[in-house]
Amino acid sequence: MCLSAPVSFTAAAVLVPAGAFAIWRTWRDDRRFVGIAALPMLLGFQQFAEGMIWIAGAHNDVASTAVFSLYYMFFAWIGWPVWIPISVYFTEPPRRHAPYLIFAVLGGMLGSVQFLPYLTHQGWLKVTLLEHAIRYSDVELLDDIISRPMTYLLYVFILLAPLLLASDRRLKIFGGLVGLVLAITVGFFQWAYISVFCFGGAVASAYLLWALRRAASPAPQPC
């Protein structure tokens, strides 16, 4: 949803209330899915931040651009790798909890190593406004240890594995959609991969909202 500020704000205006409704619905009907239901709303908050980046960048407001870029990247590096496995954790029976806690810890560790240096090293996160996308260029601590593609591969694994291993079929499908979005993004939009990914993320969120509309129905049996 990085095409422009209006598109980002429109996405936020749709996703935030839709996600809030999904949270209310799942809280009423099946509280195990509240964390999952919050994903569209959180994505909406992230898209609002990107809309503000568009505006601040267009006005050469360096300070505001930096603040909203950090807000955006917090979701990208720490929010999603921790929130997703924790959310799936609550949908699973106790005997299956341990792997999701491990994924959440790994996500927090990877995200912290990637994100926290932005707070202490000026210039490590650079934002460039392109014609229909925002490019986030950064320096990453892990570059001295493993290649950047391997870092991203680990990141994607932490994001997708909890969803694909979930007992609930709807979460498996959602994970598959997110994986497809990532594959398309990497294949065609590598120069703005994090930003463009949010467009497909919104599409996947639409499926998630649709799938959770019947949250009160009995949970699917484990596959």
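The values are calculated or read from the model by the stated rules, or taken from the named source; none is laboratory data. None of the values given here were measured: they were computed from a predicted structure. Heads up, the Cβs are rebuilt from the backbone with ideal geometry, glycines too, and the neighbour counts pull from every protein chain shown.
Some notes on this structure:
- For segment 4-45, filtering for residues that are crowded, with 20+ Cβ neighbours inside 10 Å, farther than 18 Å from PHE75 by Cβ and either without any contact (Cβ under 8 Å) to a residue 40 or more places away in the chain or hydroxyl-bearing (Ser, Thr, Tyr) (or both) leaves 1.
- Among the residues examined, ILE146 does not qualify as modelled with pLDDT of 80 or more and either within 18 Å of TYR71 (Cβ to Cβ) or in a helix (DSSP H, G or I) (or both).
- In segment 46-64, the qualifying residues are those that are among the β-branched types (Val, Ile, Thr) and surrounded by fewer than 21 Cβ atoms within 10 Å (Cβ to Cβ), and the one that is nearest to LEU160 (Cα to Cα) is ILE55.
- All of (1) closer than 21 Å to ALA49 by Cα; (2) among the hydrophobic types (A, V, I, L, M, F, W, C); (3) surrounded by fewer than 17 Cβ atoms within 10 Å (Cβ to Cβ) hold for MET109 with one exception: (1).
- Checked against the criterion of being of a type outside the set (Lys, Arg), within 23 Å of ARG169 (Cβ to Cβ), within 18 Å of the chain's Cα centre (by Cα) and in a helix (DSSP H, G or I), the candidates PHE103, PHE115 yield just one match: PHE103.
- Listed by position, the helices (runs of 4 or more DSSP H) contained in segment 1-79 that have at least 2 residues being within 24 Å of LEU209 (Cβ to Cβ) and touching a His at 6+ places or on another chain (Cβ under 8 Å) form an empty set.
- Residue count for segment 168-185, restricted to those that are surrounded by 20 or more Cβ atoms within 10 Å (Cβ to Cβ) and under 16 Å from ALA211 (Cβ atoms): 6
- Pairs are defined by a Cβ separation below 9 Å, a sequence spacing of at least 6 or placement on different chains, a first member in segment 90-112 that is of a type in the set (Asp, Glu), and a second member that is in a helix (DSSP H, G or I) and surrounded by 14 or more Cβ atoms within 10 Å (Cβ to Cβ); the pairs so defined are GLU92/ARG32; GLU92/PRO99; GLU92/TYR100.
- Out of SER167, SER64, one residue alone is polar (S, T, N, Q) and either within 24 Å of ALA204 (Cβ to Cβ) or under 15 Å from the mean Cα position of the chain (by Cα) (or both). It is SER167.
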